Amino acid sequence: MTAPRNDLPSSVPRPDGELEQLERVWRTPRGLRFLTTVNNTSIGLLYIGTALLFFLLAGILGLMIRAQLALPDSSLLSPGVYNQVFTMHGTVMMFLFAIPVVEAISVFLLPGMLGARDLPFPRLSAYAFWAYAAGGIGFFVSLFAGLAPDGGWFMYPPLSGKEHSPGINADFWLLGIGFIEISAIAGAIELIVGILFTRAPGMMLRRMPVYAWAMLVIALMIVFAFPAIIAGTALLELERAYDWPFFIAARGGDPVLWQHLFWFFGHPEVYIIFLPAAGMVSTMIPSLVGARLVGHKAVVIALGAVGVVSFALWAHHMFTAGLSLWSSTLVSAASMIVAVPTAVQVFAWIATLWRGEVRFNAPMLFVLGFLFIFVLGGLTGVMVAVLPFDWQAHDSYFIVAHLHYVLIGGLVFPMFGALYYWLPLVNGHRLSERLARWVFGLMFAGMNLAFFPMHISGLLGMPRRVYTYSTEMGWDALNLASSIGALHSCAGRAAVYGRRRAHAAPPQAGARQSVAGADARVAAGRRLCHPQHCRRALARAAVGSAAACRGSGGRCALAAWHGHRPARNHRHQPGAGHAAVRAGAARRQLVAVRRRARHRRLLPAADGAHDAGRVAVRRGGDRVGAGVDVAVRQPAGACRVTPGVRGR
Amino acid sequence: MTAPQQSALHPAGQDAEVIHQLTWILSGGAALVFVGVMVLCVMGLRARREVNIRTWLLGGGVLLPVVVLSALMAFSTWRTAQLSPLSSQHAVKIAVVAHLWWWEVRYTDPAGGPDIVLANEIRLPVGQTVYLGLSSADVIHSFWVPALAGKVDMVPGRLHGLTVRADKPGVYRGQCAEYCGEQHARMALHVVAQGEGEFNAWLAAQARPAIGANSATSEPAAHQAAMGAGGADLIAVGRKAFAAQRCAACHVVREGARMAGAGAGSGGVPGEQATLGPDLTHVGSRLYIGAGTLPNSRAALAAWIANPHSVKPGVRMPAGADMDAATLAALAAYLEQLK
């Protein structure tokens, strides 16, 4: 029995071999046994990696589409192959990339942010990942056998029914998507329980990071939205396999039923994809500009409002399907209402930019790109919410443009920003800033060149999902521009894949001890802690991420983002110093947390000279429990500790 | 003939005009908001300054969209109410049935005869309201002639209506807008808007059975003169080929009470004809063949019959490439003169 340690909450003597046993249990399995890992960090990385792989594959399919459409009457792809390619592009992007990647990122990030050691059901997250990986890969390889589904990503029957799609192509779709749906729901349950029950002590819901709120909202949305598509796919498979005519009009079925089931899931899905990205943006912007998020509470309410309203919009995908004018008008109004909470978030982000000081590093570029693209996509979204306009724009290239603006703006750009922002948590490295400018420039310019002209080609009458067009239609130049843009955009993305570890560790990034996942890793893998005790320590470390960063003596992996501006900009906010004094209780608490954390070597010891006075908690009422936000409540630059700074 | 317009930005009908105006208002408004938001964004890039949360979130986030969107909703509801009401009263009635991948078009005969059936082409009198009854024989299609009106889906088991009015004479192209399988891209139709007299004459001609079908003597003299005796022979050969090649298994050519080589089962009952393929009674009068795939000409007809899959892979029509060149030419000549 080792002697009781007085810094542990429990004074019970420690059992022998505790350290070895804990290390063994938490050790990440090596070699092939790595596949049995259940830890959220490892699963998260596998999950993210697989989602990015599908992103790459679907991107290649997108390039094939653009190659075919670059010239009129092109015979590069046969119509049959083209139809498989565009169906797979849409399905893979939506089901195998977008939804999985948002869950994957949260599996990786969320426990650390909540101060939890892992997700509550590690095996469930492993199951969600493997169901997804197996379903996804099995589904994708159908393309190489020429058996890929070709009914479009929303697979409207009767086209996808047995009569018009007699092959097993559509069955691949139904089976593959079935796996993904189960995986998504498993992941959602895990996230809900994780967020509601495994937060750090003191992290009350109203102090939870915005990202965690976003994930809570979308996890609930998944639980309500996905059963509709599960029902839909089950009915369609029953029809195909056992000839139960759910969607065959001549035998009493109704093809419009599928549309309702599909879009009841499909529309919330758009927000399931966007809200986590919005949460990431709300988390990144404050730390990137060194200012608190404007309207934390309003942003959280907005997230919830979007989640609720998004269930009233599904029929706006069916404005031309013969619904009554009355119900269409209601849905049209609801589609406009959803713009309000979204506008609240956009203005909160912009106001935060005003409040802070923007430095043009890689994550910031992507965040600004996101604002540009997403706002444009949102505005065209308002346009298509107007009934008569939608009757023209629906199922034309205008919609293709709109949806790519919303999804690339609403997911891909924030995701790339997040990749640049959080990558140090994975391997202690940042990606090259110089290359990042190229990546961003190519992606941003290419994306706009690819998709902006589609607004016009759509209004000039080009329907979506056509494998070719004649030159007399006058769409040649617009399509060529789109294809060139798509190529540029993909070149930009490829640059990221090409140079993963382009940049050496930043000078100060020797330690991995930092917020979130890194803490979890450290504790999970290497530290001896009583579980309960460990959880608290982690919680505090996560909560006091600012302290973690500051306390790291400049070795924080995220120090680069928390503030590496030139010393001349190191200035407190007007009055911040006084606020710090006023913030007595909060400050003392924060300092205490840090001291304890350091004591346990969760955080490296820093020279103690600079702690107390520099904790500039701006509001007396703010307490440590405010999670990641704490990080940004300090004047930017406080993070990096230099003798010069210390002198002030 | 200039290329027919298929553009929502070049309206030729009342409803399309309203939507066109709405398009510009919406685009202008969206551009304005976009520029405004981007300017705010750019202004936030450098200076660090205090922000009034209430102004930003309540003013920008709530008040601005609520005011703008309420105005937009009111305006669009008002404009929507001005679109032509959906009614077949006092309208020319046309039924359009979508097939994989062509359009069956049926006119009610004003003389009380059986429906006048044609394919892939709709003619309308300018300035008159036209009611289109839209349905589908197989999968979901969507009827979209951007120059005249927005699109309406054609769903199996349902009948949707659409009222249009063309205000300018011209040819307007339409295209299936709901993905319907392999040849979704080559499923177009042409709408010809013409003066009322012209339209009535055309409709009367369409109601008549095929000319020159039964015997050379039934052909109008002028036509025969133009064709010459050799032409008449060629047409007779082509007509025989039409029967011999089993074209009539899918296609109908109305010849009075009888069909040319009418398929077994269709029995020559007017209105109860084979609809596997387009009605060819007046195929020569159409602007395009293959649902907008090729401009109509004798050469195009011959090429199409020889191998429709070279221009429209996957089309249900079998290739007739095993026909000898003379038969093919005769068949094309026969079809071409079915004006």
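Assorted remarks:
- Compactness check for segment A:19-168: Cα Rg over 2.2 N^0.38 Å is 1.32.
- Residues losing 50 Å² or more accessible surface upon assembly, segment A:154-168, compared with the chain by itself, 1.4 Å: A:Leu159, A:His164
- Solvent-accessible area of A:Leu480 with every protein chain in place, 1.4 Å probe, in Å² to the nearest 10: 70
- Placing dummy labels 7 Å off each Cα toward the beta-carbon, the span from B:Val39 to A:Leu325 is 3.8 nm.
- For segment A:397-484, the square roots of the Cα gyration tensor eigenvalues, ordered a ≥ b ≥ c, give a/c of at least 1.5 with a/b greater than b/c, which places it in the prolate category.
- Chain B, relative contact order [Cα under 8 Å, separation at least 6], %: 16
- Per residue, the solvent-accessible area of chain B (1.4 Å probe, heavy atoms of protein chains only, all protein chains present) comes to 41 Å².
- With the convex hull of its Cα atoms as the shape, chain B has an orientation-averaged projected area of 22.3 nm².
- Per-atom-type breakdown for segment A:40-135 gives carbon and sulfur 75% of the accessible area (1.4 Å probe, protein chains only).
- DSSP beta bridge pairing in segment B:68-162, given as percent antiparallel to the nearest 5: 70
- Taking segment A:159-275 and dividing mean pair separation by its residue count, relative contact order in percent (alpha carbons under 8 Å, at least six apart): 29
- Portion, in percent, of the accessible area of segment A:383-475 that falls on carbon or sulfur, probe 1.4 Å: 73
- DSSP-defined beta bridges in chain B - what % are antiparallel, rounded to 5: 70
- Between B:Gln128 and A:Asp243, the C-beta separation translates, for a Förster distance of 41 Å, into a calculated FRET efficiency of about 0.30.
- Label-to-label distance, nm, for residues given as A:Arg251 and B:Lys339 (7 Å Cα→Cβ offset): 4.9
- Karplus-based coupling profile of segment B:162-167, in residue order and whole Hz: 8, 9, 10, 9, 8, 9, with θ = phi - 60° in 6.51 cos²θ - 1.76 cosθ + 1.60 and x standing for Gly or Pro.
- FRET efficiency, 1/(1 + (r/R0)^6) with R0 35 Å, evaluated for B:Asn200 and B:Cys250 via beta carbons: 0.70
- Angle between chain B longest axis and helix B:221-244 axis [Cα atoms, degrees, rounded to 10]: 90
- Candidate residues A:Leu403, A:Leu423: accessible-area rank, largest first, probe 1.4 Å: A:Leu403, A:Leu423
- DSSP loop GluC sites (Glu not before Pro) with at most 13 other Cβ within 10 Å: longest gap in chain B: B:51-271
- Take the accessible area of chain A alone and of chain B alone, subtract that of the pair, and you get about 6700 Å² summed over both chains, using a 1.4 Å probe.
- Of the residues in segment B:146-172, those shielded by at least 10 Å² of accessible area once partner protein chains are present, compared with the chain alone at a 1.4 Å probe, are B:Gly150, B:Lys151, B:Asp153, B:Val155, B:Pro156, B:Gly157, B:Arg158, B:His160.
- Cα gyration tensor category, rounded, prolate or oblate, for segment A:252-357 with a/c compared to 1.5: prolate
- Residue mean of other protein chain beta carbons inside 10 Å, B:32-38: 4
- With DNA, RNA and ligands ignored, accessible area of B:Met317 (1.4 Å probe; Å², nearest 10): 50
- Accessible area per residue was computed with a 1.4 Å probe on protein heavy atoms; B:Lys339 scores about 110 Å².
- Distance from segment B:289-328 to segment B:113-174 (C-alpha centre basis), Å: 26
- Were the residues from B:His90 through B:Ala243 laid out at 0.36 nm apart, the gain over their Cα-Cα distance would be 51.0 nm.
- Spin-label model, A:Ala67 to B:Leu9: label points 7 Å out along the Cα-to-beta-carbon direction sit 3.0 nm apart.
- Probing with 1.4 Å while keeping every protein chain in the model, the per residue accessible area of segment A:244-374 equals 24 Å².
- Heavy-atom accessible area order for A:Thr28, B:Thr80, largest first, 1.4 Å probe: A:Thr28, B:Thr80
- The overall shape of segment A:162-307 is prolate: from the C-alpha gyration tensor, with semi-axes ordered a ≥ b ≥ c, the ratio a/c is 1.5 or greater and a/b exceeds b/c.
- Residues losing 10 Å² or more accessible surface upon assembly, segment B:119-145, compared with the chain by itself, 1.4 Å: B:Asp138, B:Val139, B:Ile140, B:Trp144
- Share of carbon and sulfur in the accessible heavy-atom surface of chain B [1.4 Å probe, %]: 62
The values are calculated or read from the model by the stated rules, or taken from the named source; none is laboratory data. Treat the numbers as computed from the prediction; the structure is a model and nothing was measured. We place every Cβ from the backbone using ideal geometry, glycine too, and count neighbours over all the protein chains shown. The area values use the complete protein model at the heavy-atom level, side chains included, leaving out ligands, DNA and RNA. Shrake-Rupley method; radii C 1.70, N 1.55, O 1.52, S 1.80 Å.
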